[in-house]
Amino acid sequence: MSVTQPVGRRLTVRDIIQRKSADPVVCLTAYTAPMASMLDPHVDLLLVGDSLGMVVYGLPTTHAVTLDMMIAHGQAVVRGSSKAVVVVDMPFGSYQESPQQAFRNAARILSETGAAAVKLEGGVEMAETVAFLTQRGVPVMGHVGLKPQMVHSMGGFRAQGRTEAEAEAVLADGKAIAEAGAFAIVVEGTFETVAARLTREIAVPTIGIGGSPQCDGQVLVTEDVLGLFTEFKPKFVKRFANLADEVDKAVQTYAKEVRAREFPGPEHCFGIRQIEQEPPGEPARIGPVLPTTSIR
Ligand code: KIV
């Protein structure tokens, strides 16, 4: 079954697990209700990624994103969707301290947003935390390879797995997180051979972002896909539209029409008040509205 066909209910993490080695899992990021509702009919999974720090808030990294920000955006995405599985990223500092800290914050995300799962970055070192969460009813999506929250210790946003040792480390990370109970694993910025081996060797779907078509599914940042985020373009991004150009054209036209008093036109106004003629010396009185219109 292709899960992108209507199923009459919201998909679950179990549906995603069942896609292992079957139809590719289609995922995109979403941060707001209107965008979630536009994407929802076409995707299996909506990720409320902490990339929102850079894409929405203009921050240089994801480090300043807070749990409260993720919860507010998670609520919006759940409200705007009815079919896709919604997964919310755990931001930097909200889970690395201890499994208990991770559980407290993951529980807040699930209970306050209605999302189905959380995502957290990390490999072998996070396996204990992933097991702690999954054993207590928190579905977890893993994230290995290029881990943006580790940007400083990784020496920048660079592909992982260049050397034999690095490749083995990515594999060990993915396997540890899968064995700890993650229902799917994002594999970011790594080489095709590494992604292919990891995909073969774990029982849950791998979701690639710069991880090659060998993965069981793909995810991208929606603003990259739509050409709305143009500050930089990672190698693995394909722009399927150039909406920033469309925004530029639309706003130029709006500004021109406002300056020329062409907008708003009569069709955007609530009717015309007749100025009633008064005898000379008396002030003009404003008459009734002709015709009456509603706000819409
Ligand atoms: O934060 C995010 O949007 C992500 C995806 C790019 C995988 O982690």
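Below, the figures for the structure above:
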{"quantity": "Any hit, region 4-16, residues being modelled with pLDDT under 95 and open to solvent by less than 60 Å² (accessible area, probe 1.4 Å)", "calculated": "yes"}
{"quantity": "Total residues in region 147-174, condition outside any loop (DSSP other than H, G, I, E, B) and touching a residue at least 24 places away in the same chain (Cβ under 8 Å)", "calculated": "11"}
{"quantity": "Ile109 part of a strand (DSSP E or B) and in contact with a helix residue (DSSP H, G or I) (Cβ under 8 Å, 6 or more places away or on another chain)", "calculated": "no"}
{"quantity": "Residues satisfying the stated conditions in region 138-175, i.e. open to solvent by less than 20 Å² (accessible area, probe 1.4 Å) and more than 23 Å from the chain's Cα centre (by Cα)", "calculated": "Gly161, Ala167, Val170, Leu171"}
{"quantity": "Any hit, region 95-116, residues being buried (at least 21 other Cβ atoms within 10 Å of the Cβ) and under 24 Å from Thr199 (Cβ atoms)", "calculated": "yes"}
{"quantity": "Subset tally (residues that are over 16 Å from Thr134 (Cβ atoms) and basic (Lys, Arg)) for region 174-211", "calculated": "2"}
{"quantity": "Among (1) open to solvent by less than 20 Å² (accessible area, probe 1.4 Å); (2) farther than 27 Å from Ala203 by Cα, the one test that Asp44 misses", "calculated": "(2)"}
{"quantity": "Counted residues, region 23-37 - those being in contact (Cβ under 8 Å) with a residue 24 or more places away in the chain and either surrounded by fewer than 24 Cβ atoms within 10 Å (Cβ to Cβ) or among the aromatic types (Phe, Trp, Tyr) (or both)", "calculated": "8"}
{"quantity": "Where Pro99 falls short, out of the listed (1) of a type outside the set (A, V, I, L, M); (2) within 12 Å of the ligand (Cβ to nearest atom); (3) touching a Phe, Trp or Tyr at 6+ places or on another chain (Cβ under 9 Å)", "calculated": "(2)"}
{"quantity": "Some residue of region 198-217 being touching a residue at least 12 places away in the same chain (Cβ under 8 Å), part of a helix (DSSP H, G or I), open to solvent by less than 30 Å² (accessible area, probe 1.4 Å) and more than 15 Å from the ligand (Cβ to nearest atom)", "calculated": "yes"}
{"quantity": "The lone exception for Gly227 - which of (1) touching a residue at least 60 places away in the same chain (Cβ under 8 Å); (2) on the phi > 0 side of the Ramachandran plot it fails", "calculated": "(1)"}
{"quantity": "Residue list for region 61-82, restricted to those being in a loop (DSSP other than H, G, I, E, B) and within 17 Å of Ser94 (Cβ to Cβ)", "calculated": "Thr61, Thr62, His63, Ala64, Val65, Thr66"}
{"quantity": "Some residue of region 75-84 being more than 14 Å from Phe183 (Cα to Cα), touching a helix residue (DSSP H, G or I) at 6+ places or on another chain (Cβ under 7 Å) and within 14 Å of the ligand (Cβ to nearest atom)", "calculated": "yes"}
{"quantity": "Filter result for Glu164 (closer than 16 Å to Ile207 by Cβ and among the charged types (D, E, K, R))", "calculated": "no"}
{"quantity": "Selection count where residues are under 15 Å from Val86 (Cβ atoms), part of a loop (DSSP other than H, G, I, E, B) and within 16 Å of the ligand (Cβ to nearest atom), scope region 17-54", "calculated": "7"}
{"quantity": "Filter pass, Lys238 being farther than 21 Å from Leu198 by Cα, open to solvent by 60 Å² or more (accessible area, probe 1.4 Å) and either touching a helix residue (DSSP H, G or I) at 6+ places or on another chain (Cβ under 7 Å) or part of a helix (DSSP H, G or I) (or both)", "calculated": "no"}
{"quantity": "Number of the condition not met by Val124 [criteria: (1) within 16 Å of the ligand (Cβ to nearest atom); (2) surrounded by fewer than 19 Cβ atoms within 10 Å (Cβ to Cβ); (3) not small (Gly, Ala, Ser)]", "calculated": "(1)"}
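The values are calculated or read from the model by the stated rules, or taken from the named source; none is laboratory data. Please read these numbers as outputs of a predicted model, since none were measured by experiment. Neighbour counts are summed over all protein chains in view; Cβ atoms, including those assigned to glycine, are modelled from backbone coordinates with ideal geometry. Remember, those area values only see protein heavy atoms, side chains included, never the ligands or the DNA or RNA. Shrake-Rupley method; radii C 1.70, N 1.55, O 1.52, S 1.80 Å.
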